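Notes follow once the structure below has been shown.
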Amino acid sequence: MTAHRLPNGGRVDRAAPVRFTYDGKRYTGLRGDTLASALIANGVLEVAPSSYRGRPRGIVTAGVDEPNALVLVDGSLLPATTLELHDGLSATGRSGVGRLTDSTDSVRHDKRYVHCDVLVVGGGPAGLAAAQAAGRTGARTILADERTELGGTLLATKGFDLSWPGLAEFPETRVLSRTTAVGYYDQNYVVLAQRNTLWHVRAKRVVLATGAHERPLVFADNDRPGVMLASAVREYVNRYAVAPGQNVVLATTNDSAYQVALDLIAAGITVSAIVDSRPEPPAALVNQVGVEVITGSAVTGTEGRHRVSAVHIGPDRSIPCDLLAVSGGWNPAVHMFSQAQGRVRYEERIAAFVPDTCPQDLEVVGAANATYELAACLAEGAAAGARAAHLAGFGGGTAPELPPVPAESDSAHRPVWMVEGDETLQFIDLQRDSTVADIRRATGAGLRSVEHVKRYTTVGTGLDQGRTGGVPAIGVIAELLGASSPGEVGTTTYRPPYTPVSFALLAGRDRGELHDPIRRTAMHSWHVAHGAVFEDVGQWKRPHHYPRAGEDAQAAVLRECTAARTGLAMMDASTLGKIEVQGPDAGEFLNRMYTNAFAKLAIGSCRYGMLCRADGMVFDDGVVLRLAEDRYLTTTTTGNAAAVLDWFEEWQQTEWPELRVRFTSVTEQWATIAVVGPGSRAALTPLLPDLDLSAAAFGFMTFRDTVLCNGVPARVARVSFSGELAFEINVATWHGLSTWELVANTGATPYGTETMHVLRAEKGFVIVGQDTDGTVTPQDLGMDWIVSKRKDFVGRRSFSRPDTARPDRRQLVGLLPVDPDDLLPEGAQLVAGGVPLTPPVPMLGHVTSSYRSAALGRTFALALVAGGRDLIGRELLAPLGNRVITATVTEPIFYDPEGTRRDG
Amino acid sequence: MSAVLPEHPEFLWRNPDPRRSYEVVIVGGGGHGLATAYYLARNHGITNVAVLERGWLAGGNMARNTTIIRSNYLWDESAAIYEHALKQWEALPEELDYDFLFSQRGVLNLAHTPQDVREGVRRVNANQLNGVDAEWLNPDQVKEFCPIVDISPGVRYPVLGATLQPRAGIAKHDHVAWAFARTADEHGIDLIQDCEVTGFLRDGDKILGVQTTRGPIMADRIGLAAAGHTSVLAGLAGLRLPLQSHPLQALVSELLEPVHPCVVMSNHVHVYVSQAHKGELVMGAGVDPYNSYAQRGSVHVIERQMAAALELFPIFARAHVIRTWGGIVDVTPDASPIIGATPLANLFVNCGWGTGGFKATPASGWVYAHTLATGRAHPLNEPFALERFTTGALIDEHGAAAVAH
Ligand SMILES: Cc1cc2nc3c(=O)[nH]c(=O)nc-3n(C[C@H](O)[C@H](O)[C@H](O)COP(=O)(O)OP(=O)(O)OC[C@H]3O[C@@H](n4cnc5c(N)ncnc54)[C@H](O)[C@@H]3O)c2cc1C
């Protein structure tokens, strides 16, 4: 035992020594210690100096409100006062500033999502009583407490049996220790941080029993090591059996410090004096402690350097000591309550902001509700717990019997906001090193709002978010502005989280692969086995190209293109979004959504359709199949599938609820194989024995339901995104891989997204999102034919706006670089020939797609160009920093403009 | 020891009572309202002006934003006004004699998909031709500029490149607002706090003044600059504006030794981050999707954003969130602001800055002051008139280069 460890008492395990390192030195503590109590046990009270002024600082608190004793452990900045000691712990004192290191964090963080009837936050006397009262009714009850053990202030109270609530007997009651409620959101949605688990709790009723935080006192040199909160001194002595000092002076504004004095005396520690701001503290308390009580007085300064050696009470009196325990009153911990949108009011009698009204289904009990006497806390907690359970449907609402406790007193407080002395040494926020002088400067600058003063002085912006300094600052502001009370000044807003939460805990498992689920098609393994290079399209992995040995991407794409145009090729098109639209009004609905008409589309036919936003700009496109009178299958672009489904739902639900139509995403249910090229008919004939694939029997833009040669049912459509003869085979996802292999065995060349892009660009087919950017109308794309003149649809009205009829809108055109080997970069801006290239240079448009074409034997591009169709035949320049590419404007179709190839 | 912030001036502003009438009344004492007041005095010699603020000065979005300043917008109209702002930022610390920690540390916009790359390249080319500094960086150059970004190809959405605007950066928002406020106050402009506008005094379609919680105030011209609450305010005058108000959240970490040298934004792995002068990481992401006027958001939006942050910056895993908050942003259909006249005589609006108006503060003040002083738009805000929603001449930064903030 060290000299600072008391010979008996405490909730530490004296048989379990724990070795740890602090600032490179080795020490030993006990199981049950925090780092702070273990340091005190080793006589270490001084911690890292202050951040800005480099002043010596010491441990001030025993909990989450610690402003000084911050340490770096495994790259995390944590308060030593809440850090459980464990063997091998290695901590470095820090002046409030963390340091991130690149070491990988191997810890897995997770989330839990639970519902309960009653959530009790805080496991002190009031919370325990509430949890017992609720739990015994059978209500699903959760009790969360931030500490290692339940009990709250009872842990620092001698002779109290903590097993009384018997929570373990209630099967529906869950006790979460080391669990801090950090966020309180709408509808009783409370977020709890428990080490590596973040709990999301939706509670029918909440009981907040979050306790109170003791306030420090503000006087010159109040930051000296050895100035400690009285409640912390008590906790160190009673709970951890360590003595932060041997000769103590207590300074207080209220009754609570007297019990501290009694406990210190009982532990054999000298209490030299109590300095009480009140002229007449309760005589019973004064008599009971039996030490000198200096009434109607306040501490005005301290002496010492790395440790308090004496305190001053006015100019004339000085008392030697090695510890000054202060109690400037108590702040109910209203953080959670305020986050829940509760309002606080200032209560003069106890000089504190206390809970008032709140719109959520919660109650505040115990010290958090400014109820400080133990018996009253228990009664209030039990009543609230029983009531909460009852309101949630459990029990009759009567509170259980409570253990008898000794009476305590809580007579009126007398706050001391300001005392005489050097204001530049009167610290308000120890972490920010801000003082009364700073606040005086702020109010002198004309600032009246506490929010302004906070920002001017940075009070309350440190790691403890003003838990210690916040209310004293408000008291000082009130005095300086001559306000009637701190209530007139008001508080700043309490915001989540209540205590710091690591990024990793918030991120949970959504990292790496799980950051965004990867979607793979049924044929993915085949693509991998055949060397595909993938690209991310939305959440999907799509083959970009399939390089063969010795081929670069360019060569592979040219080869794949040639196969599709001259022979036989195949592509995995499963990722296209697929939405079934069903109901008697399906046709009418699609008519209202698409620019072109679908109500009269024949069953068994397909039609390409386009969707616009309300502003008339292209939003998505795809082929729609009519499966039955009341049933369509629409396809969307890969990346937009969810957005289109949402779009349909939004219009149906909010604008046309009378339409009898429903939407189901079937993207994942189908595997789709596009079989492309002049050889496709011959290749597929043996695979589709029941179908006549001739152009006459199976026309373009129709589909057939059939059975493949291997017995797999399939839907085959004659659609083409390349201009070549093509068949699209759709099978249930289960059969996707085997069907793909069946087709691959015909000798078809697999191709990826890049080849698809080149082929469609040669034909002048746009890709929404690449050739459009939310500012492009169908007419701009030269697709007037797809915009119905006869029916109304989303976006139609916008086409009559003057700007959408402007002749100089950006229009889709083709570009052929004058040098057929020059590849225009996608995203290149285009300017007219002859304009000086000194900024600002007027821009006419930009290159949206650009490729090398095997079929054309040259490069080509698509572009959006202002008044572009009138520029066909002219040359434009693409300035690219150190070079300029010249290109001729063309029609946006480069290959088979007559469409002779699609029927084979 | 930590970086010390520059000291604020001894005196900031008076706290006058409102007079009965003014030449110009500005409703909303955020950055834009205060900058407008300043430029009314500086550029137009108009000082018979009151700024009416319902709470404390610059306590709205001005106090809540993540302070990213850049001008690398795609469209000419946007580039012109934001670049004007950036040039003003470069001169303002001296002009206003206030060190508001303007730091041109460079902003990276990361690209994670081929489409991101196309858009980035397009924007860089457009910026360069518009005289806005812009570069395209490959992943290795990204790593060189910001060593903590994970550019490894194995991550879920690998970094394929980034746009860089070297002159872009951050500033300290409160200090900016106070700098404008102090100088406006010096010019005799009344900054009136705790003064909520609750209605309009009118004669038919002509606005004559405002009703406030501190009494009626008459004015020749009234300029609204109420950000997220503009639609509520305009509603009091019977005007419906094309605005959707959404919560937008942000957060800070504890103070950390310098790790992050610039500003990084990513739309695909949605988060943006800088490290403020004091040392805290400042980050944000997208809006909460529902409409609201309550200045708070949902926790899952924060969780999503932290997951994104760790994808890009694994080194942040052990940092802590110490405070989250929300502001209400006013989003227009094309994500560009509305600055100019309304159908009601003498009533002007400046709103719709959405998630990205901090960077525009000086230019917004410049052109709005011009508009309020002359009754006509400045060439820079002409394209941003309310009529564009009728004519269709949108300036769609949303769809075009989906970069917010
Ligand atoms: C979380 C977040 C992050 C952001 N990040 C960035 C960023 O990184 N970069 C960027 O450029 N922009 C950013 N923004 C956007 C930017 O903050 C805003 O566009 C900009 O601040 C709006 O202009 P303002 O400063 O005048 O608004 P505000 O500061 O909101 O000012 C409006 C004022 O009007 C007052 N008001 C409202 N109604 C009334 C009434 N009836 N009577 C009197 N007064 C009234 C309000 O109280 C408020 O003070 C962000 C916004 C948020 C919320």
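The values are calculated or read from the model by the stated rules, or taken from the named source; none is laboratory data. Keep in mind it's a predicted model, so treat the numbers as computed, not measured. In this analysis, Cβ positions are derived from the backbone assuming ideal geometry, glycine residues included, and neighbour counts consider all displayed protein chains. The protein model used for the area step is the full one, side chains on, heavy atoms only, and it has no ligands, DNA or RNA in it. Shrake-Rupley method; radii C 1.70, N 1.55, O 1.52, S 1.80 Å.
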- prompt: For the range A:591-642, what ratio Rg/Rh do Cα atoms give with a Kirkwood hydrodynamic radius?
  reply: 0.97
- request: Enumerate the amide H contacts of B:Val271 below 5 Å, restricted to partners 5 or more residues apart or on another chain; note that Pro and chain-start residues carry no placed amide H.
  value: B:Ser266
message: Could you work out how much longer the chain between A:Asp692 and A:Ala437 gets when fully extended? Use 0.36 nm per residue separation minus the Cα distance between them, nm to one decimal.
response: 82.5 nm
- prompt: Using just the C-alpha positions of the range B:1-56 as equal point scatterers, what log10 of I(q)/I(0) does the Debye formula give at each q in 0.24 1/Å?
  reply: -1.06
task: Write down the accessible area per residue of the protein assembly as shown in Å², having rolled a 1.4 Å probe over the full set of protein chains.
output: 35 Å²
query: Which value in deg cm²/dmol, rounded to the nearest 500, describes the helix-derived mean residue ellipticity at 222 nm for chain A, given -39,500 (n - 2.57) per DSSP H run of n ≥ 4 and division by the residue count?
result: -5000 deg cm²/dmol
message: Considering the Cα positions of the range A:512-633, please state its Rg to one decimal place and its Dmax as a whole number of Å.
response: 18.7, 56
statement: Interchain or sequence-distant (5+) residues whose placed amide H lies within less than 5 Å of the amide H of A:Thr302 are A:His312
query: Structure shown: which of B:Lys172/B:Lys206; A:Lys111/A:Lys454; A:Lys578/A:Lys600; A:Lys578/A:Lys791 lie over 27 Å apart, alpha-carbon to alpha-carbon?
result: B:Lys172/B:Lys206; A:Lys111/A:Lys454
task: For A:Val73 and A:Arg858, calculate 0.36 nm times their separation in residues minus their Cα-Cα distance, and state this gained length in nm to one decimal.
output: 276.4 nm
- request: Classify the range B:40-95 as rounded, prolate or oblate from the Cα gyration tensor: take a ≥ b ≥ c as the square roots of its eigenvalues, call it rounded if a/c is under 1.5, otherwise prolate when a/b beats b/c and oblate if not.
  value: oblate
task: Return, for the Cα atoms of the range A:334-376, the radius of gyration and Dmax in Å, separated by a comma.
output: 10.4, 29
message: Suppose R0 equals 51 Å. What FRET efficiency, 1/(1 + (r/R0)^6) with r the Cβ-Cβ distance, do B:Gln211 and A:Ala529 give to the nearest 0.05?
response: 0.10
- prompt: Just B:Arg105, B:Arg214, B:Arg118 to compare: in a GNM of chain B, with alpha carbon springs under 10 Å, which one fluctuates most?
  reply: B:Arg118
- request: Find, to one decimal place in angstroms, the Kirkwood hydrodynamic radius of the range B:56-215, where the mean of 1/r is taken over every pair of different Cα atoms and then inverted.
  value: 18.8 Å
- line: Cα-only Rg/Rh for the range A:625-700 with Kirkwood Rh rounds to 1.10
query: Of A:His390, A:Asn8, B:Leu108, which is farthest along the charge dipole of the protein assembly as shown in the positive direction, counting Lys and Arg as +1 and Asp and Glu as -1 at C-beta?
result: A:His390
- prompt: How much net charge surrounds A:Glu149 when only other residues with a Cβ under 14 Å from its Cβ are counted (Lys, Arg +1; Asp, Glu -1)?
  reply: -2
task: Count the net charge of all other residues whose Cβ sits under 15 Å from the Cβ of B:Asp133, scoring Lys and Arg as +1 and Asp and Glu as -1.
output: +3
- request: Compute from the Cα atoms of the range A:412-464 the Rg and the Dmax, the latter being the longest Cα-Cα distance, and quote both in angstrom.
  value: 11.7, 35
For A:Glu347, residues with placed amide H under 5 Å, excluding near neighbours: A:Ala352, A:Phe353, A:Val354
message: As an exercise, use a Förster radius of 45 Å and the Cβ-Cβ distance of A:Val114 and A:Ala284 to find the FRET efficiency, rounded to the nearest 0.05.
response: 0.45
field: Using alpha-carbon coordinates, inclination of helix B:76-95 to the longest axis of chain B, degrees
entry: 80 degrees
- request: Can you pull out the buried accessible area for chains B and A, both sides counted, probe 1.4 Å, rounded to the nearest 100 Å²?
  value: 7500 Å²
query: With r defined as the distance between the Cβ atoms of B:Glu382 and A:Ser605 and R0 fixed at 56 Å, what FRET efficiency is calculated, to the nearest 0.05?
result: 0.70
query: Quick one: if you stick a label point 7 Å off each Cα along the C-beta vector at A:Asp792 and A:Ala483, how many nm between them?
result: 5.6 nm
message: Along its three principal axes, how long is chain A when you only count alpha carbons? Whole Å, largest extent first please.
response: 111, 69, 55
message: Suppose we compare each residue of the range A:786-830 in its chain alone and in the full protein complex with a 1.4 Å probe; which ones drop by at least 20 Å² of accessible area?
response: A:Arg801, A:Pro802, A:Asp803, A:Arg810, A:Glu826, A:Gly827, A:Gln829
field: Equivalent ellipsoid semi-axes - Cα gyration tensor, the range A:348-505, angstrom
entry: 36, 20, 15
query: Mind listing the Cα extents of the range A:216-328 along all three principal axes, in Å, largest one first?
result: 33, 29, 20
- request: Could you check which residue among B:Ser245, B:Ser298, B:Ser71 shows the biggest mean-square fluctuation in a GNM of chain B with a 10 Å Cα cutoff?
  value: B:Ser298
task: Starting at the first residue of the range A:394-410, write each ³J(HN,Hα) from the Karplus equation 6.51 cos²θ - 1.76 cosθ + 1.60 with θ = phi - 60°, in whole Hz, x for Gly and Pro.
output: 10, x, x, x, 8, 7, x, 6, 10, x, x, 9, x, 5, 10, 10, 9
message: On C-alpha positions alone, give me the angle between the axis of helix B:31-44 and the longest principal axis of chain B, in degrees, nearest 10.
response: 60 degrees
query: Using helices alone, what [θ] at 222 nm do you get for chain B, with -39,500 (n - 2.57) per DSSP H run of 4 or more residues, divided over all residues and rounded to the nearest 500?
result: -8500 deg cm²/dmol
task: Please report, as a whole percent, how much of the solvent-accessible surface of the range B:86-224 comes from carbon and sulfur atoms (probe radius 1.4 Å).
output: 48 percent
- prompt: Ignoring ligands, DNA and RNA, what percent of the accessible area of the range A:581-731 is carbon or sulfur (1.4 Å)?
  reply: 53 percent
Per-bin percent of Cα-Cα distances, chain B [10 Å]: 5, 24, 33, 25, 11, 3, 0
field: Percentage, to the nearest whole number, of Cα pairs in the range A:628-775 over 20 Å apart
entry: 57 percent
- line: Between the Cα axis of helix B:361-374 and the main Cα principal axis of chain B, the angle (0 to 90°, nearest 10) is 30 degrees
Estimated dipole of the protein assembly as shown in Debye, rounded to 20 [Cβ of Lys and Arg +1, of Asp and Glu -1, Cα centre]: 1120 debye
message: For the range B:121-252, compute the orientation-averaged projected area of the C-alpha convex hull (one quarter of its surface), in nm².
response: 13.6 nm²
task: Tabulate in residue order the Karplus-calculated ³J(HN,Hα) for the range A:35-46, using 6.51 cos²θ - 1.76 cosθ + 1.60 with θ = phi - 60°, rounded to whole Hz; enter x for Gly and Pro.
output: 4, 5, 5, 5, 5, 4, 4, 9, x, 9, 10, 7
- prompt: For chain A, what are the DSSP H helices with axial Cα length of 24 Å or more and mean Kyte-Doolittle hydropathy of at least -0.5?
  reply: A:374-391
